[in-house]
1. Just checking, how many residues over the range 78-119 are without any contact (Cβ under 8 Å) to a residue 40 or more places away in the chain and part of a loop (DSSP other than H, G, I, E, B)?
2. Give the number of residues within the range 121-156 that are buried (at least 19 other Cβ atoms within 10 Å of the Cβ), hydrophobic (A, V, I, L, M, F, W, C) and farther than 23 Å from Asp45 by Cβ.
3. For the range 107-120, give me each residue that is within 17 Å of Val71 (Cβ to Cβ) and surrounded by fewer than 18 Cβ atoms within 10 Å (Cβ to Cβ).
4. Restricting to the range 42-65, and then to whatever is crowded, with 16+ Cβ neighbours inside 10 Å and not small (Gly, Ala, Ser), can you tell me which residue is farthest from Tyr218 (Cα to Cα)?
5. Tally up the residues in the range 141-170 that are over 14 Å from the mean Cα position of the chain (by Cα), within 16 Å of Val63 (Cβ to Cβ) and among the β-branched types (Val, Ile, Thr), please.
6. What pairs come out if I take residues in the range 184-208 that are over 22 Å from Ala56 (Cβ atoms) and polar (S, T, N, Q) and pair them with residues that are surrounded by 14 or more Cβ atoms within 10 Å (Cβ to Cβ) and at pLDDT 95 or above whose C-beta lies under 7 Å away, six or more apart or interchain?
Amino acid sequence: MKRLKRLAHHIPFAQWLYGKCTAILFPGSRRYWEGRYGRGGNSGDGSYGEFAEFKAEVVNSFVRDNRVKSVIEYGCGDGNQLSIAQYPSYIGLDVSKTAIQICKDRFKDDPTKSFFLYDPDVSGDQAGELVADLALSLDVIYHLVEDTVYDLYMTHLFNAARRFVVVYSSNQDSGKTAAHVRHRCFCDWVSERATGWTLRQKIDNKFPFDPKQPEGTYLADFYVFEKAGACGDDV
Ligand SMILES: C[S@@+](CC[C@H](N)C(=O)[O-])C[C@H]1O[C@@H](n2cnc3c(N)ncnc32)[C@H](O)[C@@H]1O
């Protein structure tokens with residue numbers, strides 16, 4: 001497969017064949033991420049360097065300006081992005097056991113942060129224990145390739161927020177571009193299913209996607225959703 005991947009950069013047929021093979025071998029989103037972290041992989045380019053700095057600038061100033069006291073993140077990853085975050089209190093959830101272990105080790109001396117393994121199929125939080133002022137989804141939605149996984153994720157994400165949901169994602173139905181990537185118009189889900197939530201702001205990417213030169217550019221933007229009637233002072 002590694003040789004085929006190298007060839008795929010140069011030969012269109014090899015590219016097509018590589019795409020077919022990875023799609024057939026794709027184990028599902030949850031197992032894909034667990035396997036990736038288990039082999040020593042990381043959360044991806046978007047969680048490192050200038051991409052991560054841009055994400056942190058936006059979310060850190062949002063948290064400060066809106067006096068957000070608590071943050072919950074669905075899909076916290078390996079914690080590299082989190083290492084430059086400034087949140088008063090934080091809960092990180094992820095479907096990968098290895099990612100949670102990495103974060104637990106990395107932030108073991110930080111009493112403001114907790115991490116839990118998230119199993120979408122069995123999780124249920126009727127009592128609202130895992131709730132925060134702000135629910136975050138950074139670079140996750142376009143990795144939810146299965147419809148049922150996507151639907152549960154969106155439901156849990158919006159249920160976990162008292163005041164705001166901040167999403168950093170693509171928002172177009174351009175389908176699967178890799179076995180572990182499926183772009184969706186997630187704002188449609190919010191309009192149809194997230195009663196009481198409105199899109200307050202869209203913040204464009206500092207490195208907007210350029211199809212002619214995709215290297216170093218990004219398809220995701222920030223989307224800030226606000227809950228009707230939520231007041232910052234009584235939370
Ligand atoms: C590209 S990484 C982003 C990590 C982090 N949010 C960041 O910005 O650095 C995507 C993360 O989403 C997690 N993930 C995948 N499917 C998920 C799901 N259904 N629920 C929660 N997290 C999920 C993966 O395990 C992975 O850690």
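The values are calculated or read from the model by the stated rules, or taken from the named source; none is laboratory data. This one's a predicted model, so the numbers in the text were calculated from it and none came from an experiment. Cβ sites come from the backbone with ideal geometry, for glycine too, and all protein chains shown count toward neighbours.
1. Going through the range 78-119 one residue at a time, the tally reaches 13.
2. The qualifying residues number 4.
3. Within the range 107-120, the subset within 17 Å of Val71 (Cβ to Cβ) is 107, 110-116, 118.
Within the range 107-120, Asp110, Pro111, Thr112, Ser114, Phe116 meet the criteria.
4. Checking each candidate, the answer is Val63.
5. Summing the residues that are over 14 Å from the mean Cα position of the chain (by Cα), within 16 Å of Val63 (Cβ to Cβ) and among the β-branched types (Val, Ile, Thr) in the range 141-170 gives 0.
6. The qualifying pairs are Thr198/Phe225; Thr198/Glu226.
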